[in-house]
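The values are calculated or read from the model by the stated rules, or taken from the named source; none is laboratory data. Since this is a predicted model, take the numbers as computed values, not measurements. Here Cβ is always computed from backbone atoms with ideal geometry, including for glycine, and neighbour counts include all displayed protein chains.
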Amino acid sequence: MTRNYDFIEMKFPSSAEYVGLIRLTLSGVLSRAGATYDDIEDSKIAVSEAVTNAVKHAYQQDEKGEVSVGFAVFDDKVEIIVADNGQSFDYETIKDELGPYDENENIDYLREGGLGLFLIETLMDEVSFKRQAGVTISMTKYISESQVQPNGEAISR
């Protein structure tokens, strides 16, 4: 079976000092995919919120944990997955297990910062999650074809 996407995965210690690295990587991935400046900035805020919450709330203070971030780059979208259990991703399996956000779910850790899920849902095109052996959240940003030239470079304004 051939994949119709590229998958990039990062795993890092559960520490706030790595949030900037994720933002830089996300910026590069979205830029290469042809996203607009505004879409890149919105995505950086949403993903930073998800990663920061994973770093803050996934592990006890003395517990050493890991956070994984995966980027699935399609022709028309980029899906970003953040998981606070630090396990490697089997992208197809994770996508099958993820479900839409249900307001009745107890995911208070994403609300603690004040905006949490509201901010993520507002800035991203699709959001889904699962809570099992940690929390996994998937965020999608669609890329408009009119934004991309045939060689994959973004059209300047």
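What to note about this one:
- Within region 22-57, restricting attention to residues that are modelled with pLDDT under 90 and among the charged types (D, E, K, R), the residue that is nearest to LEU119 (Cα to Cα) is GLU49.
- Residue tally, condition under 14 Å from the mean Cα position of the chain (by Cα), surrounded by fewer than 13 Cβ atoms within 10 Å (Cβ to Cβ) and not hydrophobic (A, V, I, L, M, F, W, C), over region 3-25: 1
- Filter result (modelled with pLDDT under 65 and either of a type in the set (D, E, K, R) or assigned to a loop (DSSP other than H, G, I, E, B) (or both)) within region 90-105: LEU98, TYR101, ASP102, GLU103, ASN104, GLU105
For (1) closer than 14 Å to LEU123 by Cα; (2) of a type in the set (Asp, Glu); (3) surrounded by fewer than 18 Cβ atoms within 10 Å (Cβ to Cβ); (4) in contact with a Lys or Arg (Cβ under 6 Å, 6 or more places away or on another chain), each residue gets a yes or a no:
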site: GLY28; (1), (2), (3), (4): no, no, yes, no
site: ALA33; (1), (2), (3), (4): no, no, no, no
site: VAL47; (1), (2), (3), (4): yes, no, no, no
site: ASN53; (1), (2), (3), (4): no, no, no, no
site: ASP62; (1), (2), (3), (4): no, yes, yes, no
site: GLY65; (1), (2), (3), (4): no, no, yes, no
site: PHE71; (1), (2), (3), (4): no, no, no, no
site: ASP76; (1), (2), (3), (4): no, yes, yes, no
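- Among the residues of this structure, SER128 does not count as one that is at pLDDT below 70 and hydroxyl-bearing (Ser, Thr, Tyr).
- When region 62-84 is filtered for residues that are among the acidic types (Asp, Glu) and in a strand (DSSP E or B), the ones remaining, listed by number, are GLU66, GLU79.
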